Amino acid sequence: MLMNWRQLILLAGLLSCSGAQAGYFNGHRLLNGLRAAEYSERNRIPDPRAINTALNGAVAVGYVMGIADAAEGKTVCRPSQADVRDVKNTVIGHLNANSHRLRQSGEYLALEALENRWPCKPKRFWER
């Protein structure tokens with residue numbers, strides 16, 4: 001998403017005074033945020049009316065990437081070529097496949113998706 005300096009200043013101002021935070025994500029909120037991120041990626045020219053959609057998407061992607069980074073090397077072992085889009089699509093696919101569970105914690109559902117896709121091989125006792 002290309003922004004000129006005015007849009008960047010506006011975005012920085014909105015973030016600094018809006019109190020934007022991840023807060024609690026259940027599966028519904030997480031899926032909606034990740035879908036918003038996909039919408040923002042497809043529509044490269046930022047629409048001022050869609051700034052909230054873009055912010056929700058960015059927060060959701062950041063939330064998922066934080067979970068992925070925290071679990072990296074412990075329960076999730078992503079290959080080096082896996083990028084943000086791979087992580088986002090993995091979680092979206094898992095949420096869509098488990099739509100009956102969207103009231104559960106978004107953190108738990110995202111971690112479950114990542115662990116299912118990229119599980120770490122258990123270390124043998126002499127490798128610990």
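Do we find that Ser40 is at pLDDT below 95 and either within 28 Å of Pro122 (Cβ to Cβ) or loosely packed, with under 14 Cβ neighbours inside 10 Å (or both) in this structure?
Details: at pLDDT below 95: yes; either within 28 Å of Pro122 (Cβ to Cβ) or loosely packed, with under 14 Cβ neighbours inside 10 Å (or both): no.
No: the conditions fail for Ser40.
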Within the set of pairs 6 or more residues apart or between chains, which connect a residue that is among the aliphatic types (A, V, I, L, M) inside the stretch 40-64 to a residue that is modelled with pLDDT of 85 or more and surrounded by fewer than 20 Cβ atoms within 10 Å (Cβ to Cβ) with Cβ atoms less than 8 Å apart? Ala60/Arg29; Ala60/Asn32; Val61/Val84
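Checking the conditions here, which among Asn96, Asn52, Asn89 is among the polar types (S, T, N, Q) and either in contact with a Lys or Arg (Cβ under 7 Å, 6 or more places away or on another chain) or modelled with pLDDT under 90 (or both)? Can you show your working first?
Working: Asn96 fails: either in contact with a Lys or Arg (Cβ under 7 Å, 6 or more places away or on another chain) or modelled with pLDDT under 90 (or both); Asn89 fails: either in contact with a Lys or Arg (Cβ under 7 Å, 6 or more places away or on another chain) or modelled with pLDDT under 90 (or both).
Answer to the check: Asn52.
Report the residue count in the stretch 76-112 for those that are touching a strand residue (DSSP E or B) at 6+ places or on another chain (Cβ under 8 Å) and surrounded by 14 or more Cβ atoms within 10 Å (Cβ to Cβ). Break it down into steps so the answer makes sense when it comes.
Of the residues in the stretch 76-112, the ones touching a strand residue (DSSP E or B) at 6+ places or on another chain (Cβ under 8 Å) are 76-78, 102-106, 111.
Still in the list and also surrounded by 14 or more Cβ atoms within 10 Å (Cβ to Cβ): 76-78, 102, 104-106, 111.
Number satisfying all stated conditions: 8.
The values are calculated or read from the model by the stated rules, or taken from the named source; none is laboratory data. From a predicted model like this one, the values you see are computed outputs, not experimental measurements. Here the Cβ is made from the backbone with ideal geometry for all residues, glycine too, and neighbour counts use every protein chain on show.
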